1. For segment 397-451 and segment 165-233, what is the separation of their Cα centres, given in Å?
2. Determine the shape class of segment 343-387: with a ≥ b ≥ c the square roots of the Cα gyration tensor eigenvalues, call it rounded for a/c under 1.5, and otherwise prolate if a/b is greater than b/c, oblate otherwise.
3. Might you list the cysteines of the chain that have no disulfide-compatible partner by the rule of another cysteine's Cβ under 4.7 Å?
4. So what's the net charge close to F245: Lys and Arg +1, Asp and Glu -1, counting the other residues with Cβ under 13 Å from its Cβ?
5. Across segment 44-61, in residue order, what do the Karplus-derived ³J(HN,Hα) couplings come to in whole Hz, using 6.51 cos²θ - 1.76 cosθ + 1.60 with θ = phi - 60° and x for Gly and Pro?
6. Could you point to the residue in G37, I164, N134 farthest towards the positive end of the chain's charge dipole, with +1 and -1 charges on the Cβ of Lys/Arg and Asp/Glu respectively?
7. Quick check on segment 116-233: take the gyration tensor over C-alpha atoms, sort the square-rooted eigenvalues as a ≥ b ≥ c, and tell me if it's rounded (a/c under 1.5), prolate or oblate.
8. Once the piece of chain linking S194 and E306 is laid out straight, how much longer is it, given 0.36 nm per residue of separation minus the C-alpha distance between them?
Amino acid sequence: MPVRGAAPEQRPGRQRALGGEVNPAFLQALGAIAGEGLITSPGELRTYECDGLAAYRVVPGAVVLPSTADEVQAIVRLCAREHVAFVARGSGTGLSGGALPVEGGIVISLTRMNRILDLDIPNARVVVEPGVVNATVSQRVAPYGYFYAPDPSSQSVCTIGGNIAENSGGAHCLKYGFTTTHVLALDVVLPDGSLVQLGANTLDPLGYDLPGVFVGSEGTLGVATQVTLRIVKRPEVIQTLLAAFDSTHAAGAAVSDIIASGILPAAIEMMDRLAIQAAEAAVHAGYPECGGLLLVELDGPAAEVEALMAQVRERCLFQQASEVRVAQSEAERMVIWKGRKAAFAAMGRISPNYIVQDGVIPRTALPAVMDEIARMSERVGLRVANVFHAGDGNLHPLVLYDRRIQGQEQEAEELAGEILKLCVRVGGSITGEHGVGADKKMFMSEMFAEPDLQTMQLVRCAFDPDHLSNPGKVFPRTPLCAERPGPYVPHPLEISGEAQLF
Ligand SMILES: Cc1cc2nc3c(=O)[nH]c(=O)nc-3n(C[C@H](O)[C@H](O)[C@H](O)COP(=O)(O)OP(=O)(O)OC[C@H]3O[C@@H](n4cnc5c(N)ncnc54)[C@H](O)[C@@H]3O)c2cc1C
């Protein structure tokens, strides 16, 4: 039973896989499947020991890089036969330890499966392998006047497979919907090694929404080997407005106001003073100096965008914006976005270390929650920068700290956790787009009652009864699949308050 504040080596990611082992015979069988796509040298294995959340590290028993769905199937079948756990991996940009290896298990890296298999422009869909990088899809369909809408800030690196597992979002998901809205069908190798197709190429498939189940399942239901994606026609006009406010409180009020007035922008992003400073230092985007900056993008037919942009400007001025300006050229628009997309990485310019948090709140709670985060930050004495998808209420507080100062990392983690609990208290969620992974499973019980978690486990067990596919992630505990759902019986240590079940 892990305890809050446990030392790194006791943290949830370091869960040992139950069952088989990566022994020489197993490695030989893997090599027979993947040839030179098998990595076993200790130095190279370390490249895969973590994802974008480097606080958790586990060196895998082996890494295998298949080139085809047949190879994935053969690898997973071997794992099932030998009872070895596996973790699918895209580019490893995940921020919740989703692709963190499992001790005694292997990593299946999908980066070699990076072909676009079909462009079906008349039906507005493309078929891709999971290792295709997100931005590549838009680049390939751009000559036909289309784009792929979900646009994580990591889109120049992250893969469609990772996006699907995390149900990734991005600035433009406010209007166009998250990854799940754009997935029509999937080929998936299930944890027993069978290859199935979920969904269909039609827009109104019958039966259970199994693509909906798989999207967002964080690698716990099998390995996606092929994906049919919806693409979207490029709008006639895109315009981007910058509005400067004294505070995030005022900027938050403007966000609620714009949406309540019936306008659905393509994106509304917010940056606070610290985030602006960091982005300016890195990219020189020309942002105004202010306490809260909104970046509002509208797209659609020219006449509509012009009329709505006038209304957005009016709403911002009504909420006391000190400056409102619209990008006058495509180049200026690109620089504005470059600053926003570089903001996470730019934090290194103003702080030696930082924790990227990801939570969701109802949009209307933005002003109150921004104020409360500022109070919490002051109380603990650690700076918190905010740069986030304000239109969705998807916060990304960045807790800044210095690891060299004793105890500060622990304080930063506690503050990041308290912010998540605040999100739940106001009716939000513990993650918007980065997933639960290894990092947040201890917070699942803050949000879900035991019967809710058991229902999710029923789905997990239907796909993966032996818990071989990314075990130890998402769920606060791993029941045996033969366990019958029923009332949760707390451990005596929980009742006495000596330990807490995550
Ligand atoms: C600077 C930065 C900015 C970011 N901005 C955003 C953002 O705006 N929005 C957002 O949503 N995220 C963002 N992220 C997080 C991250 O980029 C996304 O979660 C992304 O989808 C991960 O893709 P990946 O290819 O790197 O996947 P990985 O990190 O390799 O894996 C993520 C999860 O997907 C599973 N997985 C990977 N491939 C498959 C497959 N083929 N089948 C089944 N499971 C699979 C893994 O097991 C793991 O659980 C950001 C990260 C960084 C570092």
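No value in this document is a laboratory result; all are computed from the given coordinates. Because the structure is predicted, anything quoted here is derived from the model rather than measured. Methodologically, a virtual Cβ is constructed for each residue, glycine included, from the backbone with ideal geometry; neighbour enumeration extends over all protein chains shown.
1. So the two Cα centres are separated by 27 Å.
2. Working: a/c = 2.70, a/b = 1.47, b/c = 1.84.
Oblate.
3. C50, C79, C158, C173, C290, C316, C423
4. Numbers: positive: R273, R315; negative: D246, D257, D272, E289, E323.
Surrounding charge for F245 is -3.
5. 5, 4, 5, 4, 9, 6, 8, 9, x, 9, 6, 5, 10, 9, 9, 7, x, x
6. G37
7. Numbers: a/c = 1.56, a/b = 1.35, b/c = 1.16.
In terms of gyration-tensor shape, prolate.
8. Values: separation 112, 0.36 × 112 = 40.32 nm, distance 5.24 nm.
So the chain would gain 35.1 nm between S194 and E306.
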